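Encoded as structure tokens, the structure appears first; notes follow it.
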Amino acid sequence: MTPPQATRLDPPAKTESEERIIIRGGKPLYGQTKVFGAKNAVLKMMAAALLAKDVTILRNVPNLTDVHMMGEVLRHLGAKVEVANDEVKIDATNLTEIEAPYELVSQLRASFVVLGPLLARCREAKVSLPGGCAIGERRIDLHERGLKLLGAEVGIDHGYVFASAQKLVGTRIYLDRPSNGATENIMLAAVLAEGQTIIENAAQDPEIVNLADCVNAMGGKISGAGTYQIVIDGVPLEEMHGAVVDTIPDRLEVGTFLYACMAAGGEVVIDGVKPDHIYAVISKIHEMGVECSIYAPDTIKIKSTGRLKPTDITTVPYPGFPTDLQAPVMAVLAVAEGTSIVTETIYENRFMQVGELRRMGADIQLKANSAIVKGVPKLMGAEVKSSDLRAAACLIIAGLGADGITEVTGLSHLDRGYDRLEERLRSLGADIYRR
Ligand code: EPU
């Protein structure tokens, strides 16, 4: 029998790109879950593995498309990379390339961090500029300036950054803003420089500390990571060696689970957390009237019943409230009892979730870099599309508390940064699945 011909009113055939997460909202979350390793730490430690002619093993690695993509970038440079279970093994004994091409870097902007280690190790590097991004301009001027101060010649030509140096020499480098990427690239380049480098106004994020600990385990000499001043004493390449390093827990994933519980209601215990890493987030949760307690050394328990209180939030560099949780927290403020103001100071365009939340009934107005969020009693399920990783998390959180069914598309973003999020939410009682 021949299949019926499509008529003009038939919906277009479903393609793989339309894969979606479907949530029937209103089911409270109960139970216990464990946080996985931090994406933004592991990707940088993978790049750091280039600093030794040896094998580095990273443990507690989440299964994310970004991790696999970073593996591709390192393979392209000549490293042998194995990603299995929750470990990544990188053998960087022989590097054969100094170029990270556009096809790869454009898919994973974090891979721009190979610039520093490649330059340090090979004296030369050619790395594609990552290109546009949905959430903001994401400049690299501070990376460029820092590497120049270390003595490299750095130029941009035909979409690539070229850097070269006979030798890098340590110096004092002030960053106009505490950029994560610039801190990482400069720190990794300085590991093999002659003499001492001091980075002033460095990013203080826990992922930077994990990266410095990783480099030190490989024979590097970095101190002060986690403060505004990082000191790197250069060592020769011959002194660098492989290491086995654990990835820190993902504080952004912890925040995501906490907000999921606040949206749906219920009582959830999260294990494997470093509570100090999310102090700002917990403090804001308390302001919203929710019970959230830390049980030493690494457990957080949240109990959320009833309506949330509104609160104002401003994103700032660590240890302030993280920009990466700005969209997720908006999903819960959208149903708070009153008005909250959310101000984004890190990116120029990180309110892409707002239009989608409005489709779910949220009352949000944008004014310059602030969102005025007037809480409504309930969101309504709708079809929504995520524009970036954290917007995807926001829409899933919103769906967990909404009336009716929410369908979230744009899942390639989600899979870059969350390992089986929907399965883990389902194990806590959410009615959520992927189709
Ligand atoms: N900036 C400059 N000049 C520079 C570098 C940065 O002006 O040379 C600006 C950027 O344009 C941006 C701000 O500084 O507005 C922050 O940039 P930063 O360099 O700190 O960010 P990043 O290293 O590119 C990492 C995370 C982001 C996270 C930011 C801020 C990774 C892979 N990415 O990006 O994570 O938002 O730090 O904390 O570590 C995410 O996980 O969803 C994500 C986007």
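Restricting LYS27, LYS14 to those that are open to solvent by 50 Å² or more (accessible area, probe 1.4 Å), modelled with pLDDT of 95 or more and in a loop (DSSP other than H, G, I, E, B) reduces the list to LYS27. Would you confirm whether any residue within the stretch 144-152 is buried (at least 16 other Cβ atoms within 10 Å of the Cβ), within 11 Å of the ligand (Cβ to nearest atom) and either of a type in the set (S, T, N, Q) or not in a helix (DSSP H, G or I) (or both)? No, every residue in the stretch 144-152 fails to be buried (at least 16 other Cβ atoms within 10 Å of the Cβ), within 11 Å of the ligand (Cβ to nearest atom) and either of a type in the set (S, T, N, Q) or not in a helix (DSSP H, G or I) (or both). The residue pairs whose first member lies in the stretch 137-163 and is among the aliphatic types (A, V, I, L, M), whose second member is within 11 Å of the ligand (Cβ to nearest atom) and part of a loop (DSSP other than H, G, I, E, B), and whose beta carbons are closer than 6 Å, counting only pairs six or more residues apart or on different chains, are LEU142/LEU175; LEU142/SER179. SER106: at pLDDT below 95, crowded, with 18+ Cβ neighbours inside 10 Å, within 15 Å of the ligand (Cβ to nearest atom) and not assigned by TED's automatic domain parsing to the domain that holds ASN349, yes or no? So SER106 does not fit the description; no. Restricting attention to the stretch 293-325 and to residues that are modelled with pLDDT of 95 or more and of a type in the set (Gly, Ala, Ser), the residue that is nearest to the ligand (Cβ to nearest atom) turns out to be GLY320.
In the stretch 372-395, which residue that is more than 16 Å from the ligand (Cβ to nearest atom) and small (Gly, Ala, Ser) is farthest from GLY417 (Cα to Cα)? Per the stated criteria, the residue is GLY375.
When the strands (runs of 3 or more DSSP E) confined to the stretch 256-304 are screened for residues that are basic (Lys, Arg) and open to solvent by 30 Å² or more (accessible area, probe 1.4 Å), those reaching at least 2 such residues are found at 299-304.
Conditions first: (1) over 16 Å from the mean Cα position of the chain (by Cα); (2) buried (at least 22 other Cβ atoms within 10 Å of the Cβ); (3) within 28 Å of GLU144 (Cβ to Cβ). MET70 passes all but one, so which condition is the exception? The number of the failed condition is (1). Residues in the stretch 109-142 that are assigned to a helix (DSSP H, G or I) and more than 14 Å from the ligand (Cβ to nearest atom) were compared, and the one that is nearest to GLY155 (Cα to Cα) is LEU119. Being in contact with a helix residue (DSSP H, G or I) (Cβ under 6 Å, 6 or more places away or on another chain), within 16 Å of the ligand (Cβ to nearest atom) and closer than 29 Å to MET45 by Cα: is that true of GLY255 here? In short, yes.
Taking first residues from the stretch 348-377 that are aromatic (Phe, Trp, Tyr) and partners that are open to solvent by less than 30 Å² (accessible area, probe 1.4 Å) and not in a strand (DSSP E or B), the Cβ contacts under 7 Å between residues at least 6 apart in sequence or on separate chains come to PHE351/GLU344. Of everything in the stretch 40-65 that is closer than 16 Å to LEU389 by Cβ and within 11 Å of the ligand (Cβ to nearest atom), the residue that is most open to solvent (accessible area, probe 1.4 Å) is ASN40.
Filter the stretch 353-385 down to the residues that are part of a loop (DSSP other than H, G, I, E, B) and either basic (Lys, Arg) or farther than 16 Å from VAL332 by Cα (or both) and list them by number. Spell out how you get there, then give the answer.
First, pick out the residues of the stretch 353-385 that are part of a loop (DSSP other than H, G, I, E, B): 360-362, 368-369, 375-379, 381-382.
Correct list: ALA368, ASN369, LYS378, ALA382.
Kindly establish whether GLU253 is of a type in the set (Asp, Glu), assigned by TED's automatic domain parsing to the domain that holds ARG123 and either farther than 30 Å from PRO377 by Cβ or modelled with pLDDT of 95 or more (or both).
no
Within the stretch 45-81, being among the small types (Gly, Ala, Ser) and part of a loop (DSSP other than H, G, I, E, B) holds for ALA52, GLY78, ALA79.
The values are calculated or read from the model by the stated rules, or taken from the named source; none is laboratory data. Quantities reported herein were computed from a predicted structural model and do not represent experimental measurements. So basically every Cβ, Gly included, is an ideal-geometry build from the backbone, and we count neighbours across all protein chains shown. Ligands, DNA and RNA are excluded from the accessible area calculation, which covers all protein heavy atoms including side chains. Shrake-Rupley method; radii C 1.70, N 1.55, O 1.52, S 1.80 Å.
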